[in-house]
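*Asks:* The structure is given below, and queries will be raised subsequently.
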Amino acid sequence: MKSLLILMPLVVSILGESQMEKLRVVPEVIDKLPEHSLEIKYKNGVTVDNGKVLTPTMVKDQPTVKWHGEEGSFYVLAMVDPDAPSRKEPKFREWHHWLVGNIPGNDLGKGDVLSEYIGSGPPQGTDLHRYVFLVYKQPNKLTFDEKRLTNRSGENRGKFHIRDFAKKYNLGDPIAGNFFQAKYDDYVPILYKQLKGK
């Protein structure tokens, strides 16, 4: 039984990896599959599960995210949408929804929030978007020069590239990841008003 429990994370990881390839998170967002799966849970009990379809209403509030963070190490967490404004015409790829650096271990609350969390908001008629969560291990504690973004504006979030960000700060490949898909629902217009500061 103990050996089965040891193998379980590997099984979950393999299942997640195949979905990331099938839905082209690899190679459109990242070059290689993360070794581990992120545990992402929303307050309403909804969990992110390797491409499962969730509604914008379900994911409107910031979730908890867990990974195997090492004591004394720092991490970056990112959430990006490579399908902005649509998968067919991703001219704003990637739109970043959340960016936190200098996270000690996996204590997300103690990290430096570079961009506050914004839930999914696919425009009407654009079908499913992929929302990708990635964690990178930092080489050390970093000083980030990115403009700090609140969740009251959509400015400076489009045309972000997690590959470029990772290269800039020497982060290497992501150590963990997960993703969901979502399309328009009635919450999206409420989110758009929030992003206009209303």
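*Asks:* Filter the stretch 152-198 down to the residues that are in a strand (DSSP E or B) and among the polar types (S, T, N, Q), then identify the one that is surrounded by the most Cβ atoms within 10 Å (Cβ to Cβ).
*Replies:* The extreme case among them is Asn178.
*Asks:* Hey, can you tell me all the residues within the stretch 140-198 that are of a type in the set (Ser, Thr, Tyr) and either closer than 25 Å to Gly125 by Cβ or touching a residue at least 40 places away in the same chain (Cβ under 8 Å) (or both)?
*Replies:* Hits for the stretch 140-198 are Ser153, Tyr169, Tyr184, Tyr187, Tyr192.
*Asks:* Which residue is farthest from the chain's Cα centre (by Cα), if the candidates are limited to the stretch 166-198 and must be under 24 Å from Gln19 (Cα atoms) and aromatic (Phe, Trp, Tyr)?
*Replies:* In this case the residue turns out to be Tyr184.
*Asks:* Sticking with this one: Quick check, is Gly101 in a strand (DSSP E or B), at pLDDT 95 or above, within 23 Å of Thr55 (Cα to Cα) and not aromatic (Phe, Trp, Tyr)?
*Replies:* Spelling it out, it is not the case that Gly101 is in a strand (DSSP E or B), at pLDDT 95 or above, within 23 Å of Thr55 (Cα to Cα) and not aromatic (Phe, Trp, Tyr).
*Asks:* Also, I was wondering about something else. Could you tell me whether His97 is under 15 Å from the mean Cα position of the chain (by Cα) and closer than 26 Å to Arg148 by Cβ?
*Replies:* Yes; evaluated as a whole, the condition is true for this residue.
*Asks:* Additional query: Which of the following residues is more than 20 Å from His68 (Cα to Cα), of a type in the set (A, V, I, L, M, F, W, C) and touching a Ser or Thr at 6+ places or on another chain (Cβ under 8 Å): Leu149, Leu128?
*Replies:* That would be Leu149, the only listed residue that is more than 20 Å from His68 (Cα to Cα), of a type in the set (A, V, I, L, M, F, W, C) and touching a Ser or Thr at 6+ places or on another chain (Cβ under 8 Å).
*Asks:* Also, I was wondering about something else. Filter the stretch 55-93 down to the residues that are of a type in the set (Asp, Glu), farther than 20 Å from Ser37 by Cβ and within 16 Å of the chain's Cα centre (by Cα), then identify the one that is surrounded by the fewest Cβ atoms within 10 Å (Cβ to Cβ).
*Replies:* Asp61
*Asks:* Report whether or not Tyr131 is hydroxyl-bearing (Ser, Thr, Tyr), crowded, with 18+ Cβ neighbours inside 10 Å and either touching a residue at least 24 places away in the same chain (Cβ under 8 Å) or closer than 21 Å to His36 by Cβ (or both).
*Replies:* Here the answer is yes, as Tyr131 does meet what is asked.
*Asks:* Hey, another quick one. Of the conditions (1) touching a helix residue (DSSP H, G or I) at 6+ places or on another chain (Cβ under 7 Å); (2) assigned to a loop (DSSP other than H, G, I, E, B); (3) of a type in the set (A, V, I, L, M), Leu142 clears all except one; give me its number.
*Replies:* (1)
*Asks:* Among the residues in the stretch 49-68, are any free of Cβ contacts under 8 Å to residues at least 12 places away in the same chain, in a loop (DSSP other than H, G, I, E, B) and of a type outside the set (D, E, K, R)?
*Replies:* no
*Asks:* Of the residues Gly154, Gly197, Gly177, Gly158, which is farther than 15 Å from Val26 by Cβ and in contact with a helix residue (DSSP H, G or I) (Cβ under 8 Å, 6 or more places away or on another chain)?
*Replies:* Gly154
*Asks:* Can you tell me which of Ile162, Ile175, Ile190 is in contact with a His (Cβ under 7 Å, 6 or more places away or on another chain) and among the β-branched types (Val, Ile, Thr)?
*Replies:* Going through Ile162, Ile175, Ile190 in turn, just one is in contact with a His (Cβ under 7 Å, 6 or more places away or on another chain) and among the β-branched types (Val, Ile, Thr): Ile175.
The values are calculated or read from the model by the stated rules, or taken from the named source; none is laboratory data. Please read these numbers as outputs of a predicted model, since none were measured by experiment. Because the Cβ atoms are built from the backbone with ideal geometry, glycine has one as well, and the counts that use them run over all protein chains shown.
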